[in-house]
1. Based on the Cβ-Cβ distance from Ser71 to Met8, what FRET efficiency comes out when R0 is 35 Å, to the nearest 0.05?
2. For the chain, list the cysteines whose Cβ sits under 4.7 Å from no other cysteine Cβ?
3. Need one number: % antiparallel among DSSP beta bridges in the chain, to the nearest 5.
4. Straight distance only, please: which aspartates and glutamates reach the Cα of Lys100 with their own Cα at less than 19 Å, same-chain residues fewer than 8 apart left out?
5. For Rg/Rh (Cα atoms, Kirkwood Rh), one of (i) 0.96; (ii) 1.40; (iii) 0.92 was computed from the structure I shared and the rest are decoys. Which label?
6. What ranking of Tyr35, Tyr118 emerges when the number of other C-beta atoms within 10 Å of each C-beta is taken as an exposure proxy, fewest first?
7. Does segment 66-105 classify as rounded, prolate or oblate by the C-alpha gyration tensor (a ≥ b ≥ c root eigenvalues; a/c under 1.5 gives rounded; else a/b over b/c gives prolate, otherwise oblate)?
8. Would you grab the residues whose amide H sits under 5 Å from the one on Gly52? Only those 5+ places off in sequence or on another chain, please, with H modelled 1.01 Å from N.
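Quick note: the coordinates plus some simple rules give every number you see, no bench work behind them. Note that the structure is a prediction, hence the values are computed from the model and not measured. Every residue, glycine among them, receives a Cβ derived from its backbone with ideal geometry; neighbour counts consider all protein chains shown.
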Amino acid sequence: DTFEPHVMTGVDKLHAQGYFGKGITVGVVDTGIDYTHPALNSGKPAGTACFGAGCQISGGYDFVGDNYTGSNTPQPDSNPFANCQGSGHGTHVTGTIIAKDAGRGFTGVVPEANVKMYRVFGCGEEASVTDDVIIQAMTYAYFDGVDIISLSIGGPANWIESPAAATASRISYKGIPVYVANGNEGSEG
């Protein structure tokens with residue numbers, strides 16, 4: 001493994017030991033996912049969807065719907081698909097985790113793992129989310145049997161005192177690590 005980001009972070013050493021995430025399911029709480037992306041659709045032709053049983057994007061849930069802004073009523077459904085303006089972050093995060101794109105020389109950190117996506121943002125660059133939706137998604141992921149939860153949501157707020165942080169801590173105490181992004185807002189959080 002000579003992919004520079006893997007070498008910089010030590011992932012190349014895990015790969016050299018044969019660890020590629022087989023048997024692990026990562027729950028990603030984020031903007032949703034474009035599971036037709038060729039690096040994420042389990043080797044199917046570009047633009048072909050792969051979601052659910054037999055796919056690396058093996059499940060998930062949309063807690064909010066496309067039109068959710070953070071201040072209106074969510075319209076949940078069972079499909080976390082999102083490819084609208086401002087919804088690419090979840091696809092990006094999932095790619096960092098499991099992507100397989102030999103044509104571009106890019107491989108995720110654990111390319112043999114599965115992902116379940118829990119969508120908590122609607123479409124649009126200004127979309128926001130509330131703690132209750134984040135808590136609902138983390139709790140759902142926990143009961144959905146994921147092995148790890150990734151919560152790449154940052155903002156200028158005091159995370160440590162938030163109800164979502166308390167939920168993440170409780171889930172971690174029960175043996176499911178919850179990894180939360182920080183530093184997206186510089187000195188603000």
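1. Details: r = 39 Å, r/R0 = 1.13.
Efficiency computed from Cβ-Cβ geometry: 0.35.
2. Taking the Cβ cut-off of 4.7 Å, the chain has no unpaired cysteines at all.
3. Here the share of antiparallel DSSP bridges comes out near 15 percent.
4. Here the aspartates and glutamates satisfying the reach criterion relative to Lys100 are Asp1, Glu4, Asp12, Asp34, Glu112.
5. Checked against the structure: label (i).
6. The most exposed by this proxy come first: Tyr35, Tyr118.
7. On the way: a/c = 3.38, a/b = 2.65, b/c = 1.28.
Since a/c reaches 1.5 and a/b is larger than b/c, the shape of segment 66-105 is classed as prolate.
8. Placed amide hydrogens put Ile57, Ser58, Gly59 under 5 Å from Gly52.
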